[in-house]
Structures are given as C-alpha cells and as structure tokens.
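The structure under discussion appears below in the form of structure tokens.
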Amino acid sequence: MAERKTKKETAPKKETTAAVKKQAPKKAAIGEQPEAKKEARVGVFICHCGTNIAGSMDINAVQEYSKSIPNVAYVDNYKYMCSMPGQAVIDKAIKDNKLTGVVVAACSPRLHEPTFRTATKEGGLNPFKFEMANIREQNSWVHMHDPEGATDKAKDAIRIAVAKASLLEDLFPKSVPVERAAMVVGAGVAGMQAALDLANAGIKTYLVEKTPTIGGRMSQLDKTFPTLDCSQCILTPKMVDVGRSENIELMTYCDVESVEGYIGNFDVTIRKKARGVLTPKEAEARGIVGGGCNGCGDCEAVCPVVQPNTFEEGMKPRKAIYIQHPQVVPLIYTIDKESCIKCDLCVKICGDEKRAIDLNQEDEFVKVKVGTAILATGYDIFPIENKTEWGYKRYENVITSLEFERLICASGPTGGHMVRPSDGVAPKKVAFLLCAGSRDNTGIGKPYCSRFCCMYSLKHAHQLIEKMPGCQPYIFYMDIRSFGKMYEEFYYRIQDEGAKFIRGRVSNILEDPATKNLMVYADDTLLDRPMKLEVDLVVLAAAVQPAADTNRTRKLFGVSCSMDGWLLEAHPKLNPCGTTTAGVFLAGACQGPKDIPDTVASAEGAASAASIPIHTGHVELEPYFAQCIEEKCAGCGMCVNLCPYTALALVEKDGRKVMQVTEAKCKGCGTCGGFCPGGAIWMNHFATPQIVAQIDAFLLGGEQ
Amino acid sequence: MAGHEAPPKREEGAFKPKILGILCNWCSYAGADLAGGGRIQYPPDVRVVRVMCTGRVDPLFIMKAFTDGADGVLISGCHFGDCHYLEGNYKAAKRLFLVKNLLKNIGLEDKRLRMTFVSASEGAKWGKVITDVVKTVEELGPSPLAELTK
C-alpha cells in the first residue's frame, strides 16, 4: 500500500528520473575523472573588498596563480565585486569568453551567494553554475597578520572552488505554493502585535499561547517608562482587538506539539491542553445550546482549593478553577488539574444550563497548515536566589522588580498600596539593586545586559517618590543605560526628583532578625569608600533569560540559539527577524532582552517579513535534493531509514527494488548520500564527484 | 591561543600541515564566518569544503583526503540536538567512529581525524578549535601517507 502511494506521488516526476538515467554514466564514482571537467571554462573573479581582503593578502599573486589552475579560462579582479560595475565585469566576461562556470573569491557565500548567482544568471548561465571562494570571513579577516599564509590559503580556496565549478550542473529551483495562513507562537505584546499585523494584512493567523490568557509579561506591569502610561491601559485594547479579529484564531492554553514541512507548507500539530472548562463554541459543538463559560466566576467562589496566583508572582491566592486577572482574553475559566480535588462543587454551581465544566476533559490535538511562522516566546526572570549574597527567598523584604510591579499596581494584591512583605508596613527607605545577575561574569548570573532594568528601576524610584512622600529610593548601579528615545531625559528627571544614586555593586545584604530591616553593604566607587545602608526593602532588578520552553519550541521549528539560549537571527543587522529556517521568523524578547518599543517594532518587522511569502503566493526552494542513480542502486534500503523526512522509499522497477526520492519532502541534507555504500545517490550541487574533486584539488594541486 | 592577537609565527622551513575541513552550512560554517566578523585570529592551515550537513560526509571523503596526503581532517557540525536537519550530525558522528577505527587499523594516528561541534554563535570557539586542531596535527608531524603520495 505504502509503495503504491509513493509510486503515485512520484509519477509526474518521470521526466526527472529519466534524465538521471540518461546522465548516470557521466556521473563518475570516487576517483574517476568525470568528463565534464575537460570541457569546463571557468572564470575567476577576485574581490578586494576595499582593503578588507586586499589589505591582508597579495591579490596580484592570487590572480597570477589562478591563471594556472586547470579549466580556468578567465581571471579578473575588482575593488568591489558585489557592486554594479563589479557584477557587470562578470556579465561581460561570461559572454566574451564563453564561460561555463563562475568562481567569485570574495566574502562568505552565506552573505553574497544570491548576489553572484543573479550575476551569473544575467550572464546567460544557469545560476547554479556558480561557486564562491570565501577569502574574507574565513581568510583575510582571520589571518590579518599573516599575508603569506592568507595568500596561500586564498590560492587553495580558489583552486578548490574552480574544481567544483568545473563539475557543477544546471539546476532549477522548485516553485511551491504558499499556504495563505501564518502562525504566531506566544501571545505577549510581541505575538499579539505580529498577529494583529498579519490579520490586518488579510492573512489567517493562528495565535498559540501556552497560558490561559494572552497579554504576556506586559500585562503584569504597572506603568511603562518613560511616558508613564499605564501598561494595562495601553495593552488591553490590543488584547481585545486580538480577541475580536476575524482573521485571528486564538489558541490559548495550547502548546506546539510538532512541526513538519517547509516554508509555505508547515504542518503544525497543536496540543489543546484540557482546560476543564468549555468555551461557548465547544459547548455548542457538544450540543449544549447557549452553554459554555461566560466568565461569571460562580465556580471560583465555591472552589475550596487555594493556590498561589502566578500572575501576581505568588503574592495573591487563586482557586483551582481560576482566571489570572480580571482582564483576561478570552474570559474563560481554567482548571488547574494538578490541584483540583474533583469535588464537583463548581460543576453543580455552573448549572444545567451552561454545563461549562467538564472535569474529565482530555488534551486534544489539532492540525493546522501554515505558510510561515513567527516565534515570540519571550523571557523569564533569572532565578535571582542563585545569587545568594542578596538573600532573595531567604529574607522576606528582598523582592524582585516584577514583584514590585505587582505590589505597586492598583490591580495588584495590595490594591496598589506599596507595603513590604514582612509586616505590611509602607517602606521609608528602599534600595534598588541594578544589574542583579546581569553583566555578571562569575558564571552564576548572565554575562549580557538585560537592557530594560535601568529604565524600569528609574520608573520604580519615580513611583515611590510620587506615591509615598518621604520615601527615599537608593539606586545601586554600575552604569545607567538610558539609551532610548526620551530615556536620558527621564533619568535626569528622576535625579531631580531626589532619588539617590550610588555607583557600586552590593556585595552583601544582612537582615536584622528583629525588625526585618536590611543592611546593604556596597562599595561606593565614586567616593572610593565602602559603605553600608539600612533600608526597609530591597528590590532586585533581576536579569532576564529565555522563557522556560524556548529550547523545546525552537527545536520544533529548527531555529538555532546563541550561547545564552536566546534565539538566533539569520543576520543581526540585515535580517534581524529571520532565522536560518526559511519561513520562520522571530519577534520580541525571545531573541534577546528588548524593551516594549523595541519588542513592538521587531514584531511588526517579523509580521511584515512573514507576510511576504504569503502575499507572493509561492516560494522557490533550493534544488539540493537527492536523486537515485538507478544502475548503481542495490535496493538495500539503508538510506530509507536514514532519512529524517521520510522522503525516500523503495519501489519495484524492472523486476528489482530501487530507491525513489519524493523531491518535495527532501531537504537536501545529504545524510543518505553520505551513507549509500554503492554511491548510488546523487546529491544535487553537493555530488560525490564534485566534493571529491574539491578534496583532490586541495591536496593534489593540478596547476598547469 | 585563538584571540584577537596574531597566532605565533612558524619558524622558516617548519612543517606546514595540510588539513581538510568539511563544515556544515548552518552551524560551523556560520560560526567560522562569525569568527571572521569578530576578527578572531587563528592559523591558516585548514582548507574548507562546505556541505549542507555533516551527514553528507561519506567516510570515503575522509579516506580520499588521507590517501591524497592530508595531514589531518576536521569535520565540524552543529551541536547534538541542534542539527538543521534534525539528526545528520549524529549519523556523521557514528560513521566517524568507524573511520577512526579504520585509521587505527591501517596504522594512522586516529587523532588526525577530528569531529567538532561549533554553533553559528560560537565564533571564538571556532578560533580555538582550529588552533587546537592545527597544534595536534603539528605535533603528530606529516602524515606517513603524505610521504607516499610524493
């Protein structure tokens, strides 16, 4: 059955298979000299890149040498090969010298391969008849003080590239249609903004959020710097828009379970975690007309189980059936399965009409197809108790900034009355510790700057001064990084308002067991003397780190991360929203610490980038897929199990078994080609004879 | 040490090892590019062939390099669990154990072949890897097979 299906799928590709059959004798095994090499006429173009390359090696020597390489028909150099005149040089040389292949010795193919492929195409050749010799990133820049070594390496790199270019074949990218839908993972302010933009551009968008409500970190904040807008006031309209948008399918309390496919055609499986409570839609599907949760909260009132509310950083209780806060979207209750005792009180109070509660509901799996995806998984607070010298979780009156946000927020656990945890008394002296766990090279904290702690700590100082006359904030800092628009002005304002700034890191905090006051020890580096200060409350501006499940999510989508675990962009400057997986984009703080303006800007960028393939309607896939050389295939089937994408299958042909490739599924890794004991797999653009020619060119030379 | 200073100069006439590096496009090649951007300085003895994934590395490529006279071969890919193609690096690593055994059996030091895992964000590590690979091969001296090919 499976075989028949494969046959059917690959039937229209008869032409390709036939072509391989015809070419097969030309494709030499390891050690054989392929025919193509004899006829190849390769042009070599050496780029100076200003002094980037020319400054570290002898370009003339490289040029002279290149003329002696077999199959080289033309050699030229130019100051900037990627410039318009530089590309014109290639264009003209191809036509004048009847070149069959092009080698550009310049920067990394990861940067300019597309540029020079276009130039090759304009010269009348197939764009895949181009090979790049990397003599900048992997040569001139890393051997700046060794011109001789760099020159030798450049010569070898060009020889290796020419060997490959002599054997390259015409390839044709596959155009595939793009599904007119997108997915956004994470519904904080970044995810919401991205989803709204996509939806407004007319694209069906699945917004997947792991918690029961959208809103993310921003909904936990009280005020935002430097404008002092109320965070909820500017966020809730967006939350409501997301909830209302016709193009957004909101999937809260959901996890991405698996991702298959490629740009334009991702098949994503979503796990809908059992809420235990039915939405009106779900109720209707079960035939309960007019039923489902309406957010009345009767169930919460009767629930006997009390748990800490994570939204309030554990400073307020919630029930086993709960909503995080009054402004949740969607307004649907959720049952915390871990703590629910199944007493049925909620079921009874909910009544026969709504019948919204189903204590035995189970996780469901939903499959959706999307063309592109945006990751907006955000950040978590670094577990600052690891820095034991500051006593977080040991001393009651040492809190994190996020706890401070909740305490001073009018909708928070204290209704906005700023009190300290030990005795509920308003503090008179408050110390703010900046860079708590950030810019920390001890190995315990994080080496990077968390970017928004300086600013929110200034805002906290302002809020104390404004709300509680007589309360004195002390800010212990290393540097105040107020780099954004109107940020420096805000810093001056807080200085004028009377906050005290002490430049120095806090070495130790001790608690007075009787008063629960805290003695802060630091080194005032401006006065160059040690100091101690007794305060009522200490607020740690803790570092941020990637959200807990970032690693799991990124692996599902095939996205890399930097050393700190933040998701890695395709290029930090020129492609900051893209990733190395085509069709997957990044928004917000999952990429690195970002304040709200930067987060929203990056979300809009990601939404724009993600909408391009969808609006274009099709994408071109690089034609690096595997092909079977049927004469050599022994039908052993080892490759079939090696393929991580189930792109290979054994089929009956002329009375024997041979392997067949489903091109649309093949991503071109070459794992099958690296294994095949008979050398029967031809990897487009990375074929065995091509790679062997490169190895031979390096080690055996072959100068004329 | 790989860093921002130039690596120490070799003495005149000293052994210059010929080392082949086969790098995966997504992690190690990108990491090597990042080392360039960061101007991390390392010895220039490794010549690079780019493949999409280390899974593409046929053991015969390695044997071909050694029979051609390479003094060392470096295969570098993504960290385990980070492969752009899910698991190509596992498969490559598995094969390399076999090749190492083979090298030992024919009397060639298996240290001449190394597999490393350098991600796209590890430019500084790339410098260290190259420095260390070059040092290892320098200490081993020219490959006995290289003498034969001459």
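May I ask you to verify whether A:V651 is open to solvent by less than 20 Å² (accessible area, probe 1.4 Å) and not in a loop (DSSP other than H, G, I, E, B)? For A:V651, the condition - open to solvent by less than 20 Å² (accessible area, probe 1.4 Å) and not in a loop (DSSP other than H, G, I, E, B) - is met.
Of everything in region B:80-112 that is within 14 Å of chain A (Cβ to nearest Cβ), outside any helix (DSSP H, G or I) and not acidic (D, E), the residue that is surrounded by the most Cβ atoms within 10 Å (Cβ to Cβ) is B:C83.
On the given criteria, is A:G558 open to solvent by 20 Å² or more (accessible area, probe 1.4 Å), at pLDDT below 95 and touching a strand residue (DSSP E or B) at 6+ places or on another chain (Cβ under 8 Å)?
On the way: open to solvent by 20 Å² or more (accessible area, probe 1.4 Å): yes; at pLDDT below 95: yes; touching a strand residue (DSSP E or B) at 6+ places or on another chain (Cβ under 8 Å): yes.
Yes.
Among the conditions (1) over 14 Å from A:G149 (Cβ atoms); (2) more than 14 Å from the chain's Cα centre (by Cα); (3) within 7 Å of chain A (Cβ to nearest Cβ), B:Q41 misses just one, which is (1).
Just checking: which of the strands (runs of 3 or more DSSP E) contained wholly in region A:152-246 hold 2 or more residues that are at pLDDT 95 or above and buried (at least 21 other Cβ atoms within 10 Å of the Cβ)? I'd like the intermediate steps shown before the answer.
Numbers: elements: A:174-177, A:181-185, A:204-208.
Fully inside region A:152-246 and qualifying: A:181-185, A:204-208.
Of the residues making up region A:255-264, not a single one is at positive phi and among the aromatic types (F, W, Y). Condition test on A:V539, is it surrounded by 14 or more Cβ atoms within 10 Å (Cβ to Cβ), within 37 Å of the chain's Cα centre (by Cα) and farther than 17 Å from A:R439 by Cα? Yes. Note on region A:677-691: among residues that are open to solvent by 10 Å² or more (accessible area, probe 1.4 Å) and assigned to a helix (DSSP H, G or I), the one that is nearest to the other protein chains (Cβ to nearest Cβ) is A:T688.
Which ones in region A:92-105 are touching a helix residue (DSSP H, G or I) at 6+ places or on another chain (Cβ under 6 Å) and either within 14 Å of chain B (Cβ to nearest Cβ) or open to solvent by 40 Å² or more (accessible area, probe 1.4 Å) (or both)?
Here is the first cut: in region A:92-105, the residues touching a helix residue (DSSP H, G or I) at 6+ places or on another chain (Cβ under 6 Å) are A:101-105.
Scanning region A:92-105 gives A:V103, A:A105.
When region B:43-74 is filtered for residues that are closer than 20 Å to A:A163 by Cα and β-branched (V, I, T), the ones remaining, listed by number, are B:V46, B:V48, B:V49, B:V51, B:V57, B:I62, B:T67, B:V73.
What are the residues in region A:613-648 that are assigned to a helix (DSSP H, G or I), β-branched (V, I, T) and surrounded by fewer than 15 Cβ atoms within 10 Å (Cβ to Cβ), if any? Quick ask: steps written out before the conclusion?
Kept after step one, since they are assigned to a helix (DSSP H, G or I), are these residues of region A:613-648: A:613-616, A:638-642.
Now drop any that are not β-branched (V, I, T), which leaves A:614, A:616, A:640.
Hit for region A:613-648 is A:T616, nothing else.
The set of residues in region A:576-585 that are under 20 Å from A:S108 (Cβ atoms), part of a loop (DSSP other than H, G, I, E, B) and either within 9 Å of chain B (Cβ to nearest Cβ) or open to solvent by less than 40 Å² (accessible area, probe 1.4 Å) (or both) comprises A:T579, A:T580, A:T581. Once region B:3-20 is narrowed to residues that are more than 9 Å from chain A (Cβ to nearest Cβ) and either of a type in the set (G, A, S) or touching a residue at least 60 places away in the same chain (Cβ under 8 Å) (or both), the residue that is most open to solvent (accessible area, probe 1.4 Å) is B:G13. The set of residues in region A:131-144 that are touching a residue at least 24 places away in the same chain (Cβ under 8 Å) and either farther than 19 Å from A:Q63 by Cβ or open to solvent by 10 Å² or more (accessible area, probe 1.4 Å) (or both) comprises A:E131, A:M132, A:N134, A:R136, A:E137, A:Q138, A:W141, A:M144.
The values are calculated or read from the model by the stated rules, or taken from the named source; none is laboratory data. Treat the numbers as computed from the prediction; the structure is a model and nothing was measured. Note that we place each Cβ from the backbone using ideal geometry, even for glycine, and neighbour counts take in every protein chain shown. Accessible surface is based on the protein model in full, side chains and every heavy atom, while ligands, DNA and RNA are left aside. Shrake-Rupley method; radii C 1.70, N 1.55, O 1.52, S 1.80 Å.
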